[in-house]
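Quick note: the coordinates plus some simple rules give every number you see, no bench work behind them. What you see is a predicted model, and the numbers here were worked out from it, not measured in a lab. Cβ placement follows ideal geometry from the backbone for every residue including glycine, while neighbour counts extend to all protein chains displayed.
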Amino acid sequence: MTLGRGLLYGIVSGALWGLIAHILAGIALTLLTGLPATPPLLAGLVAGAVGAAALMSRPPSQRTPLLMLVSFFATVLVLLLASFARPFSVPLSAAPLWQAAAIALVAVGATGANRACLADISAGAVSRYKAEVLLVRVLKGLGFVFFTVIVVLPFYVMVMTSLKNQQQLLLNPLDLSIDLSQGVGSLFRSYVELFTQFNFGRFLLISTIVSVSTVILTLMFSIPGAYAIARLRFPGQAFLSRSILMIYMVPAIVLVIPLYSVFSQLGLRNTLVGLLIVYPATTVPVALYMLQGYFRGLPPELEEAGLMDGLNRIGVIRRITLPLSLPALASVALYVFMIAWNEFLFAFMFLDDPAIFTLARGVVALDSSEVPRQNLMAGAVVATVPILVLFLWFERFLVQGLTAGSVKG
């Protein structure tokens, strides 16, 4: 084997992935056990570099599963040696099974990342193209890890905190493991209290009503508006088509004060009617933008055939355009629903009566010294999970609706 730049690249990449895997494993160990795990960073760097060097001891075509296993055990061994058998700065006798799992996680993560990044990189000379490919792979991996952590970690902390009681949180705030021995009733006590003591069932109902009503009102205005922009000819059509989203150039906070003043004078503040005026006003532009692009992608010959068969323009929209536009309508409805469900600023400014709080407004009402932290986290879970499930269920419609109409032909 000729030692060259490829081996150097591999060692640097392996050291980076060893460091990241070590840090993430330390965070996971702390959250799952409550141990104050502080990984010695140098140990992770050296272990990842040695694991990568072991992997690159053979050409890419000869990197068998056995070599992967050798790289795995080399990473484990070096991690233990470099940290003096304290890979997370705590004795191995403390939570030994969890520490063993964390060490294995470091080795699996580093070995897997090295295998993916160094798949066709040899230890000898490396062309500029392959060096750039390696860089892109490393950056993509870093981006994936970063965004996964910032999405999963807060949600995990939120859920685990909601399953704790006040005593557990005070004794060890870092311990976010699940104690199944306390029973289901005690485990979900904060959720029971949320609906029995803090009126969250009503907040959930009001948010559903407001969000569904916003979707209906938005579609009622945006469907004919988008169709007119896409199909009809009138003065200012091009300008209107290009300026639909200009409303989003104005920050919402700028609109709150004048709307607050006007709604107070009209008696619309502290009412759901006020929200149902503001929410569609903010969602109609994006719905118009999404639907007009989709309508332009539909073959106009179908609508012309309908007109020749005796349908009026409304009949063409109802019988031809809308059935063909179901993916776009579903994606717009889902997007608008998510906006209305998660909206906080206008609800916070306009609503004062707890009897008509939306879910986002109700969660903020829990953020006080009088409300236990686990109840606040339970409220955040209740506000997040329904929209998350809905989004995952209708994701295919959202993707179809966003991409359809982008290419006309």
Legend entry - Point-to-point label distance, Ile247-Leu77, nm (Cα→Cβ direction, 7 Å offset): 6.6
Legend entry - Computed over segment 197-403: relative contact order in percent, which uses C-alpha pairs under 8 Å that are six or more apart: 33
Legend entry - Length-normalised contact order for the chain - Cα pairs under 8 Å, 6+ apart - percent: 18
Inset, instruction - Give me the distance in nm between label points sitting 7 Å out from Cα along the Cα-to-Cβ direction at Phe391 and Val133, one decimal. - result: 3.5
Legend entry - Using alpha-carbon coordinates, inclination of helix 128-162 to the longest axis of the chain, degrees: 70
Inset, instruction - Provide the per-residue ³J(HN,Hα) series for segment 320-331, in order, calculated from phi with Karplus coefficients 6.51, -1.76, 1.60 and θ = phi - 60°, each as a whole number of Hz, with x at glycine and proline positions. - result: 10, 5, 5, x, 6, 9, 4, x, 5, 5, 5, 5
Legend entry - Electrostatic dipole magnitude of the chain [Cβ: Lys, Arg +1; Asp, Glu -1; Cα centre; debye, to 20]: 1020
Legend entry - Computed lengthening from Leu232 to Ser93, 0.36 nm per intervening residue step minus Cα-Cα distance: 42.5 nm
Inset, instruction - Rank Gly310, Gly225, Gly109 by mean-square fluctuation in a GNM of the chain with C-alpha springs under 10 angstrom and give only the top-ranked residue. - result: Gly310
Legend entry - Exposure proxy ranking, count of Cβ atoms within 10 Å, fewest first, for Met290, Met220: Met220, Met290
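Among Phe391, Phe234, Phe350, which comes first, then next, by fewest other beta-carbon atoms within 10 Å?
Taking fewest neighbouring Cβ atoms as first place, the list is Phe234, Phe391, Phe350.
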Inset, instruction - Could you pull out the chymotrypsin sites (Phe, Trp or Tyr not before Pro) across segment 1-97 that fall in loop regions by DSSP (anything but H, G, I, E, B) with no more than 16 other Cβ atoms inside 10 Å? - result: Phe84
Legend entry - Extension gain, Thr196 back to Ala355 (0.36 nm per residue minus Cα-Cα distance, nm): 55.8 nm
